[in-house]
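*Asks:* If you scroll down you'll find the structure; I have some questions about it.
Here, each number is a calculation from the coordinates, and none is a lab measurement. Everything numeric in this text was worked out from a predicted model, so none of it was measured. Here the Cβ is made from the backbone with ideal geometry for all residues, glycine too, and neighbour counts use every protein chain on show.
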Amino acid sequence: MVNGLPGKMSSEVLKVVLERGLDIVPYSLTAESQPDLLFRLQQINHCPNITLLKPSQRDSEIKKIVRDYSRLIAVDYTHPDAVNSNALFYQTYQIPFVMGTTGGDREQLIQSTLQSNTYAVIAPNMGKQIVALQTMLDKMAQSFPHLFQNYRLQVTESHQQNKADTSGTAKEIIQSFIKMGAHFDVNTNLRMIRSPKEQQEELKIPTEYLSGHAFHTYRLTSPDNSMEIAFQHNVLGRNIYAQGTVDAVVFLWNKIQHKEPKKLYNMMDVLME
Ligand SMILES: NC(=O)C1=CN([C@@H]2O[C@H](COP(=O)(O)OP(=O)(O)OC[C@H]3O[C@@H](n4cnc5c(N)ncnc54)[C@H](OP(=O)(O)O)[C@@H]3O)[C@@H](O)[C@H]2O)C=CC1
Ligand SMILES: O=C(O)C1=N[C@H](C(=O)O)C[C@H](O)C1
C-alpha cells in the first residue's frame with residue numbers, strides 16, 4: 001500500500017512496484033486537502049485505479065483493507081508533518097511499514113515503533129549507494145573517533161523548491177562527522193539551496209530535474225586550512241530511492257515470514273542483507 005499519492009516519491013514507488021510485478025493494494029493515504037478521489041499512473045497500462053483516503057476517512061476504511069489484504073505492507077512518502085501520526089496509524093492497526101518520509105520527531109518515531117512491536121524499516125534515504133556511504137561513515141566514526149578533530153564541516157544540500165524540510169540524510173551524515181570531532185553550526189555551516197535559478201546556474205541541474213533532485217556536498221577543512229576533504233552524492237530524479245524502497249518491502253516481508261524477533265530495521269540492515 002503506497003501512501004502519499006499523488007506525490008512524487010509515492011508515484012515513483014508505485015511505478016517500481018508494478019514494474020517488478022508485485023501486488024498493489026488499491027488504496028493510498030493522502031492529504032486532507034486532496035481534491036481527487038482516485039489516482040492512476042497513466043504511463044503504466046496495468047496500473048489499477050487507486051482510491052485516495054484522507055485522514056478523516058482512513059480509520060473507517062482500514063479494518064476492511066487489512067482484512068482483504070492480509071499481506072499488506074505500507075510504504076509512506078508523505079509529509080514531514082504527517083510522519084508521526086501516520087506511523088501511529090500503522091502501529092495502531094499493526095500494519096508493517098517502510099517509512100521513507102523525513103522530518104517529524106524522529107526519536108518519537110523510533111520509540112513508538114519499538115513499543116508497538118510493529119515490523120518497520122525507517123530511513124531518510126533508501127538509495128542503496130548513499131546508504132553504503134552512510135554505513136562507511138558510521139564505521140569510520142566508530143574506528144576513528146578523532147579523525148576530524150576541530151575540522152570545520154560545511155554542508156550544501158540542494159533540493160526541489162517545495163521540499164518541506166532540511167534533508168534528513170544530511171542531518172544523519174552530519175552526526176557521523178560530529179562523532180569524528182568536526183565542528184558544525186547549523187546556522188553558519190549549512191547551505192540549503194532551494195532556488196531553481198541557483199540550481200541551474202551554479203549546480204548545472206538540468207531543467208527537467210529542478211522538480212526532483214538531491215545534490216549534497218560535505219566539505220571538511222583542517223584548523224590550519226592546509227587540508228580539505230569532501231564527500232559528495234548527487235542524484236537526479238527519484239528512481240534509486242524507489243528501487244531501495246521496494247527492496248526494503250521485500251526484506252520486511254521475509255522478516256515477517258521468519259517471525260524474526262527483531263522488528264525495527266533501517267536501510268543499512270537491508271543493504272547488509
Ligand atoms: N527516504 C528516502 O529515500 C526519500 C525520502 N523522501 C522524503 O519523502 C517525503 C515526500 O517527498 P515527495 O514525494 O518529494 O513530496 P511530495 O510533496 O511530492 O509528496 C507528498 C505527498 O503526500 C501528501 N500528504 C500530505 N499530508 C499527508 C498525510 N497526512 N497523509 C498522506 N499523504 C499526505 C501530499 O499532499 P499535498 O501535496 O496535498 O500536501 C503529497 O501528495 C519527504 O519527506 C522527502 O524528504 C524523498 C525522497 C527519498
Ligand atoms: O525530498 C527529497 O527529495 C529527498 N529527501 C530525503 C532527505 O530529506 O534526505 C532524501 C533525498 O535527499 C531526497
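*Asks:* Sort Met268, Met99 so that the residue with the fewest other Cβ atoms within 10 Å of its own Cβ comes first and the one with the most comes last.
*Replies:* Details: Met268 15, Met99 27.
Fewest-to-most Cβ neighbours within 10 Å comes out as Met268, Met99.
*Asks:* Just to be sure I understand: if I project the alpha-carbon convex hull of segment 21-124 onto a plane and average over all orientations, what area do I get in nm²?
*Replies:* Numbers: hull surface 28.3 nm².
Quarter of the Cα hull surface area: 7.1 nm².
*Asks:* While we're here: Helix 106-116 against the longest principal axis of the chain: what's the angle in degrees, Cα atoms only, rounded to the nearest 10?
*Replies:* The angle comes out at about 40 degrees.
*Asks:* Here is a further query. Tell me, what is the FRET efficiency for Glu198 and Glu107 to the nearest 0.05, using R0 = 35 angstrom and their Cβ-Cβ distance as r? The partial results should precede the final answer.
*Replies:* Values: r = 33 Å, r/R0 = 0.95.
Taking R0 as 35 Å, the efficiency between Glu198 and Glu107 is 0.60.
*Asks:* Here is a further query. How big is the equivalent ellipsoid of segment 16-67 along its three axes, where each semi-axis is √(5λ) from the Cα gyration tensor, reported in whole Å from largest to smallest?
*Replies:* 21, 15, 7
*Asks:* Taking only DSSP H segments of four or more residues, each worth -39500 (n - 2.57), what value at 222 nm results for the chain once the sum is divided by all its residues, to the nearest 500 deg cm²/dmol?
*Replies:* Roughly -12000 deg cm²/dmol at 222 nm, from the helical runs in the chain.
*Asks:* Quick one: order Ser28, Ser60, Ser211 by neighbouring beta-carbon count within 10 Å, fewest to most. If you can, show how the numbers build up before the last one.
*Replies:* On the way: Ser28 25, Ser60 9, Ser211 13.
By the 10 Å Cβ count, ascending, the order reads Ser60, Ser211, Ser28.
*Asks:* While we're on this one: What trypsin sites (Lys or Arg not before Pro) in segment 1-77 are in a loop by DSSP, with at most 16 other Cβ atoms within 10 Å of the Cβ?
*Replies:* Numbers: sites: Lys8, Lys15, Arg20, Arg40, Arg58, Lys63, Lys64, Arg67, Arg71; in loops: Arg20, Arg40, Arg71.
Within segment 1-77, the qualifying trypsin sites (Lys or Arg not before Pro) (loop, at most 16 other Cβ atoms within 10 Å) are Arg20, Arg40, Arg71.
*Asks:* Could you check the simple spin-label distance between Thr92 and Ala132, using points 7 Å along Cα→Cβ, in nm with one decimal?
*Replies:* Placing both labels 7 Å beyond Cα along the Cβ direction yields 4.1 nm.
*Asks:* Which links in Lys54/Lys171; Lys15/Lys128; Lys63/Lys259; Lys171/Lys259; Lys15/Lys54; Lys171/Lys204 stretch past 27 Å when you go from one Cα to the other? Before the final figure, lay out each step's value.
*Replies:* On the way: Lys54/Lys171 30 Å; Lys15/Lys128 18 Å; Lys63/Lys259 23 Å; Lys171/Lys259 32 Å; Lys15/Lys54 22 Å; Lys171/Lys204 24 Å.
Pairs exceeding 27 Å: Lys54/Lys171; Lys171/Lys259.
*Asks:* Provide, in order from the shortest bin, the percent of all Cα-Cα pairs of segment 128-237 in each 10 Å bin, continuing until the bin that contains the maximum pair distance.
*Replies:* 14, 44, 31, 10, 0
*Asks:* If you don't mind, there's one more thing I want to ask. Over the Cα atoms of the chain, what Rg and Dmax result, in angstrom?
*Replies:* Cα radius of gyration and Dmax of the chain are 19.5, 64 Å respectively.
*Asks:* Only counting other Cβ atoms within 10 Å, I'd like Thr207, Thr135 sorted with the fewest neighbours first.
*Replies:* Details: Thr207 9, Thr135 17.
The fewest-first ordering by Cβ neighbours comes to Thr207, Thr135.
*Asks:* Which angle between 0 and 90 degrees, to the nearest 10, do you get for helix 128-143 versus the longest principal axis of the chain when only C-alpha atoms count?
*Replies:* 50
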